[in-house]
Amino acid sequence: MKKRSAVTLIPRVLILSLLVTSLASPILAQEPISTELKRKATPAPKVDERPLYAPDEIVVRYEDGLDPLHSGVQALESRFGLVPIKFNESIQYHRYRLPESMSVSDAILLLRGDSLVDYVEANYIYYLDAIPNDSFYDNYQSVATDLAKWYFDGIGADRNLNAESAWDVTTGRTDVTIAIVDSGIDLDHPDLAANIWTNPGEVAGNGSDDDGNGFVDDVNGWDFQSNDNNPNPDLGNGIDDDGVGGPDSNTFHGTFSASCAGAVGNNATGATGAAWNCKLMAVKIFTDDGGAFTTDIADGISYAAANGADVINMSFGGGFSSTVQNAVNFAHGQGSVQVASAGNGNSSSQQYPSSLNFVISVGANDSGSVLAGGSGDLDGRASFSQYGTAAVDVVAPGTDLVGAAVLSVAEGNPGAPSYFLSSGTSFSGPTVAGLCALVISKGLDVGAGLTNDDVENIIQNTANDLPDDPGDSPNGGSSWDNHGRVDFQAALDAVSGGPPVNTPPVADAGPDQGGLVGQNISFDGSGSSDADNDPLTYSWDFGDNSPDGSGVSVNHSYATAGTYVVTLTVDDGQDTDMDTAVVTIDDVPPPSGTLMYFSSLGNRSYPGLSGTMANEDIILYDSGSGAFTQYFDGSDVGLGSAVMDGFVLLADGSILISLSASFSVPGVGTADDSDVVQFAPTSLGPTTAGVFTLFFDGSDVGLTSNGEDVDALSVNNGNLVVSTTGGFSGSGASGADEDFFEFVGSFGSSTSGSFTRLFDGSDVGLGGNGSHDMRALHISLVDGRFYVSTVGNFNFGGISGADEDIARFTPSTLGNSTSGAWDLYLDFSTVGMQTGGDVTGLFLIE
């Protein structure tokens with residue numbers, strides 16, 4: 001890593017993993033495919049150190065979707081040495097290769113403030129989850145038909161999806177297409193071949209783009225990994241190329257997903273899909289191992305939509321990406337219904353694309369099949385599934401599913417069709433995608449004229465709410481399944497033909513508003529009405545590519561200045577209506593008081609902020625207005641469960657961060673508690689995204705000799721200032737935990753330089769008391785005063801306070817003979833901080 005220049009204080013006044021949880025285990029296939037029972041070996045767990053984004057690429061969208069011929073775009077490319085790789089005309093993103101001298105972080109920080117740029121982000125890479133083995137395979141009785149019967153319909157008195165009665169109504173139409181955006185589909189699998197989509201405008205093998213869609217001979221779909229017209233899975237090389245998940249671990253995934261959605265039914269062969277007769281479009285973005293770029297994901301989604309996919313299934317996940325959101329927006333505009341796996345993280349955290357606007361997020365309910373060694377609890381949550389209203393819309397069976405697959409090199413007999421037993425929200429998703437195709441099919445049969453929004457509403461409004469699962473850990477509560485488990489029969493019953501008899505609702509988004517960056521804006525839809533007095537549901541699109549809000553009244557903050565069109569959609573269960581309000585956000589507010597950015601210990605609630613803020617978050621407090629807003633969400637960028645130990649906001653918009661313990665930081669690897677990482681944001685607030693780099697390596701300058709944990713962080717005259725937990729011993733200086741040390745040198749992975757003592761706490765009353773260890777520090781840009789918070793309650797210099805309070809020191813002298821005066825700057829408990837909410841990081845704009 002190149003050396004970095006000295007830090008400059010901010011001079012302003014004011015990110016996919018395919019989702020599989022259990023190792024896919026081949027089961028006995030029906031003749032003539034295979035009679036050999038196979039099972040994949042479980043790889044030993046490894047530290048995941050794979051890159052999270054392309055190291056030499058960025059993705060940019062310009063204002064108004066400017067294309068490569070625009071003079072301003074060309075000038076910017078020339079100025080920064082950006083080499084164009086691709087321009088997607090559907091969603092207007094530019095993919096660039098960076099010059100050798102420029103890092104991704106540098107590029108983001110250089111471009112994010114340019115007036116021509118709508119957004120800039122890394123070209124993220126999403127990976128297959130690490131796949132644990134599962135005991136159900138050993139207990140499996142090789143009764144595949146009974147297993148499939150369980151998850152589609154239920155066994156005995158236990159009901160599941162009620163699919164059998166629904167199939168008496170429709171098994172899907174051949175003019176309805178489901179796109180499987182995944183690792184490819186085995187086009188010749190005997191349980192899938194009859195349902196593979198054929199491009200009606202393309203002549204096979206003539207080397208021409210007959211339909212003019214930009215893809216030559218895309219007869220059955222497209223391979224965006226290899227950029228060719230063969231979307232069959234890559235069979236691999238028998239090697240675990242990415243070091244996680246085992247060799248060739250992606251090969252089966254797309255074929256299995258396609259099987260769940262639309263394996264041929266009633267053909268006396270193998271498995272059955274949700275929609276027996278609908279077509280399957282193969283959109284390949286993953287190879288046999290490793291990940292997919294967000295640009296490939298966006299290209300795959302936009303290809304599927306532009307080529308007539310009625311339903312798009314996405315069984316992968318990762319962080320927020322504006323590029324993927326724009327692709328999803330495009331597909332919604334084309335009329336596609338979009339479905340994605342909620343994730344296998346066993347948490348309530350949102351994942352993407354499932355939590356994007358216009359996507360149905362699908363979690364997983366548990367196994368009721370004792371034949372597969374299941375719990376017998378059809379209504380419980382699968383142990384791996386995401387849960388809760390923020391992460392999940394509906395659920396479907398995700399444990400012990402049987403489906404079509406293709407063997408890889410690692411499994412032997414590569415390319416041979418087979419059947420696997422597997423689990424994961426990866427396969428709950430395509431089951432729901434198949435149901436969407438059935439709903440669309442019936443709608444076409446009866447002339448219902450359904451829109452993609454209608455289909456989504458039907459899927460959610462007809463789901464069966466499941467009870468709280470007291471056996472899950474952590475407990476997801478009664479709303480773990482949000483709308484509930486999908487019901488095939490009820491969904492089809494909700495589709496009726498003929499003219500509507502319902503009176504549509506009327507939406508009212510309220511007046512136009514103005515506000516400031518980071519400020520909570522309140523939106524009130526209570527003026528909406530329904531002439532039939534039907535109960536209304538409310539969905540808010542805030543116009544900034546953030547996840548939708550729900551409820552009559554909502555709060556939302558914006559990370560960047562601009563004019564945003566906020567759209568309220570109200571739904572009475574049959575019809576919807578929309579209304580808009582315009583919000584103008586100012587970039588440089590005239591602050592009504594000091595703006596205080598801080599982090600705190602533990603999960604805390606603050607006035608005006610929905611939910612709780614965690615250890616890894618940064619909150620903004622305006623001392624004049626008394627408003628709290630979320631500035632940085634650490635869980636969005638891989639810092640969930642980490643504890644912020646200090647941070648600094650820099651002039652280029654980046655954030656320096658120290659953590660309280662060694663932690664695997666995305667894109668950096670393990671950062672020691674004596675290290676400092678730099679975060680270059682592409683978005684902030686509730687949908688934080690960006691990239692990390694190592695800024696300061698404490699071990700290079702002696703900070704690990706005594707286990708020094710950097711627990712306070714600031715900047716003074718362009719130099720880094722730190723305090724540590726316990727005694728300090730670094731290059732050039734030593735001292736105690738109440739002291740501050742200034743570092744002069746160079747930064748990056750090869751940090752060099754030396755420390756001097758800037759502040760001796762024992763000189764001004766802090767020595768000899770462990771509770772006086774410095775927890776947070778800010779050195780004023782305006783007058784050089786020190787603002788500090790301590791580990792525990794404090795009593796020194798004529799003042800006293802608690803661990804959530806801020807003391808201020810006005811220095812007369814500094815260094816080894818420190819002197820000056822103390823005053824209590826802020827009693828945080830008086831403005832909404834809960835008692836015991838240790839302030840762990842601090843930055844002020846006065």
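Observations
- Counting residues in segment 599-608 that are touching a Leu at 6+ places or on another chain (Cβ under 8 Å) and either of a type in the set (A, V, I, L, M, F, W, C) or part of a loop (DSSP other than H, G, I, E, B) (or both) gives zero.
- Within segment 674-694, the residues that satisfy the criterion of being more than 21 Å from Val117 (Cβ to Cβ), open to solvent by 10 Å² or more (accessible area, probe 1.4 Å) and more than 14 Å from the chain's Cα centre (by Cα) are Asp675, Leu694.
- Tyr124 vs. criteria more than 30 Å from Ser418 (Cα to Cα), modelled with pLDDT under 90 and outside any loop (DSSP other than H, G, I, E, B): yes
- Checked across segment 176-193, the condition of being open to solvent by 50 Å² or more (accessible area, probe 1.4 Å), farther than 24 Å from Thr255 by Cβ, more than 33 Å from the chain's Cα centre (by Cα) and modelled with pLDDT of 75 or more holds for no residue.
- Among the residues of segment 377-388, the one identified as modelled with pLDDT of 90 or more and surrounded by fewer than 23 Cβ atoms within 10 Å (Cβ to Cβ) is Gly388.
- Top-ranked residue of segment 629-649 - restricted to ones that are in a loop (DSSP other than H, G, I, E, B) and touching an Asp or Glu at 6+ places or on another chain (Cβ under 9 Å), ranked as surrounded by the fewest Cβ atoms within 10 Å (Cβ to Cβ): Ser641
- Qualifying residue in segment 703-725 (condition: open to solvent by 20 Å² or more (accessible area, probe 1.4 Å), of a type in the set (S, T, N, Q) and at pLDDT 90 or above): yes
- Every condition in (1) within 15 Å of Thr425 (Cβ to Cβ); (2) among the β-branched types (Val, Ile, Thr); (3) in contact with a helix residue (DSSP H, G or I) (Cβ under 7 Å, 6 or more places away or on another chain) is met by Val392 except one, and the failing one is (3).
- Subset tally (residues that are more than 30 Å from Ser441 (Cα to Cα) and open to solvent by 30 Å² or more (accessible area, probe 1.4 Å)) for segment 237-272: 6
- Scanning segment 220-245 for residues that are within 24 Å of the chain's Cα centre (by Cα) and modelled with pLDDT under 95 gives Gln225, Asp242, Gly243, Val244, Gly245.
- Considering only residues in segment 650-665 that are crowded, with 22+ Cβ neighbours inside 10 Å and not β-branched (Val, Ile, Thr), the one that is nearest to Ser355 (Cα to Cα) turns out to be Ser654.
- Output for segment 465-494, where each listed residue is under 15 Å from Gly573 (Cα atoms) and either under 27 Å from the mean Cα position of the chain (by Cα) or among the hydrophobic types (A, V, I, L, M, F, W, C) (or both): His483, Ala490, Ala491, Leu492, Ala494
- Inclusion of Val339 among residues that are closer than 27 Å to His189 by Cα, in contact with a Pro (Cβ under 8 Å, 6 or more places away or on another chain) and surrounded by fewer than 24 Cβ atoms within 10 Å (Cβ to Cβ) is not warranted.
- Sole exception among (1) among the aliphatic types (A, V, I, L, M); (2) within 27 Å of Gly246 (Cβ to Cβ); (3) assigned to a loop (DSSP other than H, G, I, E, B) for Val392, by number: (2)
- Scanning segment 514-527 for residues that are of a type outside the set (A, V, I, L, M) and either closer than 23 Å to Thr537 by Cβ or not in a strand (DSSP E or B) (or both) yields Gly518, Gln519, Asn520, Ser522, Phe523, Asp524, Gly525, Ser526, Gly527.
- Selection count where residues are surrounded by 16 or more Cβ atoms within 10 Å (Cβ to Cβ) and closer than 22 Å to Ser349 by Cβ, scope segment 464-478: 5
- Qualifying residue in segment 199-221 (condition: loosely packed, with under 14 Cβ neighbours inside 10 Å and in contact with a helix residue (DSSP H, G or I) (Cβ under 8 Å, 6 or more places away or on another chain)): no
- Residue count, segment 69-96 (criterion: part of a loop (DSSP other than H, G, I, E, B) and open to solvent by less than 80 Å² (accessible area, probe 1.4 Å)): 6
- Only listed residue being under 18 Å from Gly476 (Cβ atoms), at pLDDT 90 or above and hydroxyl-bearing (Ser, Thr, Tyr), chosen from Ser354, Ser321, Ser367, Ser336: Ser354
- None of Asn615, Asn533 is more than 23 Å from Ala391 (Cβ to Cβ) and in a loop (DSSP other than H, G, I, E, B) except Asn533.
- Segment 479-498: number of residues that are open to solvent by less than 20 Å² (accessible area, probe 1.4 Å) and closer than 27 Å to Gly333 by Cβ: 4
- Near pairs, Cβ below 6 angstrom, 6+ apart or cross-chain, from segment 818-832 (surrounded by fewer than 15 Cβ atoms within 10 Å (Cβ to Cβ)) to any residue that is assigned to a strand (DSSP E or B): Ser819/Ser812; Ser819/Thr813; Ala821/Thr810; Asp823/Arg808
- Residue count for segment 401-452 satisfying the condition of being in a loop (DSSP other than H, G, I, E, B), aliphatic (A, V, I, L, M) and open to solvent by 10 Å² or more (accessible area, probe 1.4 Å): 5.
Residues are listed down the side, and each one gets a yes or a no for (1) buried (at least 17 other Cβ atoms within 10 Å of the Cβ); (2) within 26 Å of the chain's Cα centre (by Cα); (3) small (Gly, Ala, Ser); (4) at positive phi:
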| position | (1), (2), (3), (4) |
| --- | --- |
| Pro511 | no, no, no, no |
| Phe523 | yes, yes, no, no |
| Tyr538 | yes, yes, no, no |
| Asp541 | yes, yes, no, no |
| Ser546 | yes, yes, yes, no |
| Gly551 | no, yes, yes, yes |
| Leu568 | yes, yes, no, no |
| Asp579 | yes, no, no, no |
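- Scanning segment 791-838 for residues that are of a type in the set (Ser, Thr, Tyr), part of a strand (DSSP E or B), within 45 Å of the chain's Cα centre (by Cα) and closer than 23 Å to Thr725 by Cα yields one hit, Ser800.
- Test: Val455 is at pLDDT 90 or above, assigned to a helix (DSSP H, G or I) and of a type in the set (Val, Ile, Thr): yes
- With respect to the stated conditions, Asn555 is open to solvent by 40 Å² or more (accessible area, probe 1.4 Å) and either in contact with a helix residue (DSSP H, G or I) (Cβ under 6 Å, 6 or more places away or on another chain) or farther than 24 Å from His778 by Cα (or both).
Conditions (1) β-branched (Val, Ile, Thr); (2) over 30 Å from the mean Cα position of the chain (by Cα); (3) at pLDDT below 95, marked per residue:
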{"residue": "Leu23", "(1), (2), (3)": "no, no, yes"}
{"residue": "Leu28", "(1), (2), (3)": "no, yes, yes"}
{"residue": "Leu37", "(1), (2), (3)": "no, yes, yes"}
{"residue": "Tyr53", "(1), (2), (3)": "no, no, yes"}
{"residue": "Gly65", "(1), (2), (3)": "no, no, yes"}
{"residue": "Leu82", "(1), (2), (3)": "no, no, no"}
{"residue": "Tyr96", "(1), (2), (3)": "no, no, no"}
{"residue": "Glu100", "(1), (2), (3)": "no, no, yes"}
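The values are calculated or read from the model by the stated rules, or taken from the named source; none is laboratory data. Only a predicted model underlies this, so the values are computations on that prediction, with no experimental measurement involved. Please note: Cβ atoms are built from the backbone with ideal geometry, for glycine as well, and neighbour counts cover all protein chains shown. Just the protein is used for accessible areas: all its heavy atoms, side chains included, with ligands, DNA and RNA removed. Shrake-Rupley method; radii C 1.70, N 1.55, O 1.52, S 1.80 Å.
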